[in-house]
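Engineer: Here it is, the structure in full.
The values are calculated or read from the model by the stated rules, or taken from the named source; none is laboratory data. What you see is a predicted model; the values in this text were computed from it and never measured. Cβ: placed from backbone, ideal geometry, glycine included. Neighbour counts: every protein chain shown.
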Amino acid sequence: MKNDHDVSAGTADGRTRDRVVRRFLEGGSATAAELSRQLGVSPAGIRRHLDAMVSDGSISPIESRPHGPRGRGRPARRYALTEAGHQAGPSAYSDLAAGALRFLAEVAGPSAISEFADSRAVDLERRVRSAVVAASPQERPAALAEAMTAAGYTASVSELPTGLQICQHHCPVQFVAERFPALCDAETAALARVLDTHVQRLATIAHGDGVCTTHVPAGPPQEPLPPSPSSEGSAP
């Protein structure tokens, strides 16, 4: 039989685990050190939770290239929610957001949803554009994927005979986008603007696919990108 200490310890562990899951839902991926700092839990305690969550299949280690010069030693391991982890995660935030957008559509009309989606996409564009502009034309898709990973999308790039494929392994607004596809459409348009080329969205997590897949067709080398007009005068 469990004593009171066992019960209280188990409750505390469950609350910490919920906080870890919410952090992954909001931010996409994180290292043990980042979680320890953000949640105020000791490094040893966070690693214990992460080990348990890897064992039960709710999270898994992911590959992520480091930003900036790499120091000595191995890069810190990053973790992200698995599909099972997403399904088991708390849905209160998603339900609240979806309810707010439904109310917005009822009060201001469907066009308000499109305007909101466009505004959110412009914000994503502003966050990733500087990394893309700083890269050579050949490295822009990879730079975009790294910047999107930092923004919580856990993105990667693969080569195809017809061009490149950007895969987003996490969608921060998955459950809301299921009900409001304008969010996906606006995000795709933002990626096209950042890369200054036509792109095609082939799959989305919101529609039940395993990843969000965007095809970037092969083309001639591009000139350096200018700053985005949408970012001028925007708050940092």
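Engineer: Need at least 2 residues that are surrounded by fewer than 16 Cβ atoms within 10 Å (Cβ to Cβ) per element, so show me which strands (runs of 3 or more DSSP E) inside the range 118-207 make the cut, counting only ones lying wholly within it. Write out each step before concluding.
Structural biologist: Values: elements: 155-160, 163-168, 200-203.
In the range 118-207, the matching strands (runs of 3 or more DSSP E) lie at 155-160, 200-203.
Engineer: Could you tell me whether the range 109-118 includes any residue that is among the polar types (S, T, N, Q) and more than 26 Å from G210 (Cβ to Cβ)? Break it down into steps so the answer makes sense when it comes.
Structural biologist: If we filter the range 109-118 for residues that are among the polar types (S, T, N, Q), which is where we start, we get 111, 114.
Then keep just the ones that are more than 26 Å from G210 (Cβ to Cβ); that gives 111, 114.
Yes, the range 109-118 has at least one match.
Engineer: Another question about this same structure. Considering only residues of the range 24-49 that are touching a strand residue (DSSP E or B) at 6+ places or on another chain (Cβ under 6 Å) and buried (at least 17 other Cβ atoms within 10 Å of the Cβ), which is nearest to T149 (Cα to Cα)? Don't jump to the end; show me each part of the working.
Structural biologist: Of all residues in the range 24-49, those touching a strand residue (DSSP E or B) at 6+ places or on another chain (Cβ under 6 Å) come to 24, 29, 31.
Narrowing the set further to residues that are buried (at least 17 other Cβ atoms within 10 Å of the Cβ) leaves 24, 29.
On the way: F24: 12, S29: 8 Å.
Only one residue fits best here, namely S29.
Residue-by-condition table, conditions (1) of a type in the set (A, V, I, L, M, F, W, C); (2) modelled with pLDDT of 75 or more; (3) closer than 22 Å to V176 by Cα:
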| site | (1), (2), (3) |
| --- | --- |
| S8 | no, no, no |
| G14 | no, no, no |
| V20 | yes, yes, yes |
| S29 | no, yes, yes |
| G40 | no, yes, no |
| D56 | no, yes, no |
| G68 | no, no, no |
| A76 | yes, yes, no |
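Engineer: Can you name the condition, by its number, that E83 falls short on among (1) among the charged types (D, E, K, R); (2) within 16 Å of C171 (Cβ to Cβ); (3) modelled with pLDDT of 95 or more?
Structural biologist: (3)
Engineer: So, one more: Contact list please: Cβ distance under 6 Å, first residue in the range 133-150 and farther than 17 Å from E187 by Cβ, second residue surrounded by fewer than 19 Cβ atoms within 10 Å (Cβ to Cβ) and β-branched (V, I, T), pairs at least six apart or on different chains.
Structural biologist: Short answer, once both residue conditions are applied: A142/V157.
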